[in-house]
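The values are calculated or read from the model by the stated rules, or taken from the named source; none is laboratory data. Note that the structure is a prediction, hence the values are computed from the model and not measured. We place every Cβ from the backbone using ideal geometry, glycine too, and count neighbours over all the protein chains shown.
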Amino acid sequence: MTTSFSAPASPTANIGVVGLAVMGSNLARNLARHGNTVALYNRTAQRTRDLVAEHGDEGAFVPAETVADFAASLQRPRTAIIMVKAGAPTDAVIDELVEVFEPGDIIVDGGNAQFTDTIRREAAVREHGIHFVGAGISGGEEGALNGPSIMPGGSDESYATLGPILASIAAVVDGEPCVTHVGTDGAGHFVKMVHNGIEYADMQLIGESYDLLRRGAGLTPAEIADVFAQWNTTELDSYLVEITAEVLRQVDAATGRPLVDVITDQAGMKGTGTWTVQNALDLAVPVTGIAEAVFARGLSGRTAQREAAQARFTEGQPTGELGVTDRDAFIEAVRLALFASKIVAYAQGFDEITAGAEKYGWQIDLGEIARIWRGGCIIRARFLGTITEAYAADEPPVSLITAPYFAAALDATHAAWRQVVAHATLGGIPVPAFASSLAYFDGLRSPRLPAALIQGQRDFFGAHTYGRIDRPGAFHTLWSGDRSEVEA
Ligand code: 6PG
């Protein structure tokens, strides 16, 4: 079909989508299915034609061949969601839209943008009197079509128009749409970035659990699939645990082997987990479990180093025994270790959001963030409802690990967690995320940390000074003199 779309006589669309690859076209279809009239624009018009030809009967679409026609088809304030590749392609579309939009109109970036880019773009677009909203959208292709979790930033004024439109397409849990106005400018993309960091941690922790059950306890992938399916009926109930069972049950048609055994063991990444860790480093927030998850993906891809180490260190590979005498007890211990480590991953992620909000001046309601993550997104999980409750308390916790429900859960799990980490370490199974999460927990709860010694060392070699526990001020010991102490 090569017919051109005619220029619209009058603006009829209440929302537009620019960029009609799978995510964009699924989002446009979701919008149309929920009663919105959706203007469509794609750089290559054929894609727009295909969408209308294949799905035109799902709702009201107004296809446009030019960005000018696209703008003309939108009611005011014109509101358009950009669904193109993050980076330069997003900037190019913003520039095009700014040309044809007017003050009061709203440009939404629904991609996985760096939040610092969103802050920059918001300021630049605001110069034209146009609102710019960075909106994190989670849930992949399926979520975009059937209900994602949406994390929009931007101004209050833009949210007044945009909020109801996003609420019409978001996932719904307990009657509430999984969308909230996260905060101004880059707040939405910041929270989406942390969501992805937690996603990486969650996936790594599940991976370590699988490895322990496989190489540690000798279970087959099909047996482990059953274990995960059972775990999904417990506190661990979540999308990622659910799909883990599905992936482990899959048999490769070509070889008849479990699919997981024929997939190359190098994890890819597009970089959002790395951003989470980079920003955590800038904010000095210890997101250790998330960082280990990113590094574990990195390690999996160090092929030359892995080959060299495998060739050199052949002794003592895990045998599938790992001293496990009671299989069921071991499986339960791994489940508890997974639960405990997962609590830490969320505690770290929420700590980063708190620190980011402070640095960038955002008012972020942490309970609301947990609420909108209950459905639609990749980390959706039963226990997010409990996180919302924790932050709704009269005195919200400074760390999730001390909120009553999670503190009790850690009381009940940490003995098993230690056993699992010790077993894994002695047996040669790498559990970086389990172990670093446990170290984080023990670090926070230690009455004294060796940081005091580090301060002493810093003072020794660099006169960096230290504080004292018994009085305020900064002090220095005259290390190369008589070793008396002076106030700095
Ligand atoms: C989501 C996902 C989605 C995507 C990420 C992670 O929330 O829907 O997080 O954004 O899967 O890009 O991908 P990588 O693992 O490739 O970084």
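At-a-glance table
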quantity	calculated
Residue count for the range 297-317, restricted to those that are in contact (Cβ under 8 Å) with a residue 12 or more places away in the chain and either crowded, with 20+ Cβ neighbours inside 10 Å or more than 16 Å from the ligand (Cβ to nearest atom) (or both)	3
Selected residue (criterion: nearest to the ligand (Cβ to nearest atom)) from residues of the range 115-137 that are within 18 Å of residue 271 (Cα to Cα) and touching a helix residue (DSSP H, G or I) at 6+ places or on another chain (Cβ under 6 Å)	136
Residue that is nearest to the ligand (Cβ to nearest atom) [pool: residues in the range 139-157 that are closer than 21 Å to residue 362 by Cα and surrounded by 20 or more Cβ atoms within 10 Å (Cβ to Cβ)]	149
Residues (of a type in the set (Lys, Arg) and over 20 Å from residue 150 (Cα atoms)) located in the range 183-230	214, 215
From 378, 429, 364, residue being more than 23 Å from the chain's Cα centre (by Cα), in a loop (DSSP other than H, G, I, E, B) and touching a residue at least 40 places away in the same chain (Cβ under 8 Å)	429
Matching helices (runs of 4 or more DSSP H) fully within the range 208-271 where at least 3 residues are under 22 Å from the mean Cα position of the chain (by Cα) and either of a type outside the set (Lys, Arg) or away from the ligand (no atom under 16 Å from the Cβ) (or both)	239-249
Restricting the range 390-436 to residues that are of a type in the set (Gly, Ala, Ser) and closer than 14 Å to residue 209 by Cβ, the residue that is surrounded by the most Cβ atoms within 10 Å (Cβ to Cβ)	433
Identity of the residue in the range 272-296, exposed (fewer than 15 other Cβ atoms within 10 Å of the Cβ) and not acidic (Asp, Glu), that ends up nearest to the ligand (Cβ to nearest atom)	281
Residue that is surrounded by fewer than 24 Cβ atoms within 10 Å (Cβ to Cβ), of a type outside the set (A, V, I, L, M, F, W, C) and within 15 Å of the chain's Cα centre (by Cα), where the choices are 196, 112	112
Filter result for the condition that a residue is in contact with a helix residue (DSSP H, G or I) (Cβ under 8 Å, 6 or more places away or on another chain) and at pLDDT 95 or above, over 49, 29, 76	29
Residue in the range 206-228 that is buried (at least 24 other Cβ atoms within 10 Å of the Cβ), under 27 Å from residue 22 (Cβ atoms) and among the β-branched types (Val, Ile, Thr) present	no
Subset of the range 61-93 (residues that are closer than 18 Å to residue 166 by Cβ and out of contact with any Leu (no Cβ under 7 Å at 6 or more places or on another chain))	74, 75, 77, 78, 82
Selection from the range 381-411 of residues that are over 22 Å from the mean Cα position of the chain (by Cα), farther than 14 Å from residue 343 by Cβ and either modelled with pLDDT of 95 or more or charged (D, E, K, R) (or both)	394, 395
Members of the range 430-471 found to be touching an Asp or Glu at 6+ places or on another chain (Cβ under 8 Å) and β-branched (Val, Ile, Thr), listed by number	431, 465
Selection from the range 318-336 of residues that are within 17 Å of residue 428 (Cβ to Cβ) and either within 16 Å of the ligand (Cβ to nearest atom) or assigned to a helix (DSSP H, G or I) (or both)	330, 334
Hits in the range 437-488 - residues which are surrounded by 11 or more Cβ atoms within 10 Å (Cβ to Cβ) and among the basic types (Lys, Arg)	445, 458, 468
Criterion (surrounded by fewer than 20 Cβ atoms within 10 Å (Cβ to Cβ), farther than 30 Å from residue 251 by Cβ, away from the ligand (no atom under 16 Å from the Cβ) and among the small types (Gly, Ala, Ser)) met by exactly one of 186, 175	175
Long-range neighbours under 8 Å by Cβ, at least six apart or interchain, first residue on the phi > 0 side of the Ramachandran plot within the range 266-277, second more than 8 Å from the ligand (Cβ to nearest atom)	none
Cβ-Cβ under 9 Å pairs, at least 6 apart or on other chains, the range 140-165 side β-branched (Val, Ile, Thr), far side away from the ligand (no atom under 16 Å from the Cβ) and in a strand (DSSP E or B)	150/177; 161/79; 161/106; 161/131; 165/15; 165/79
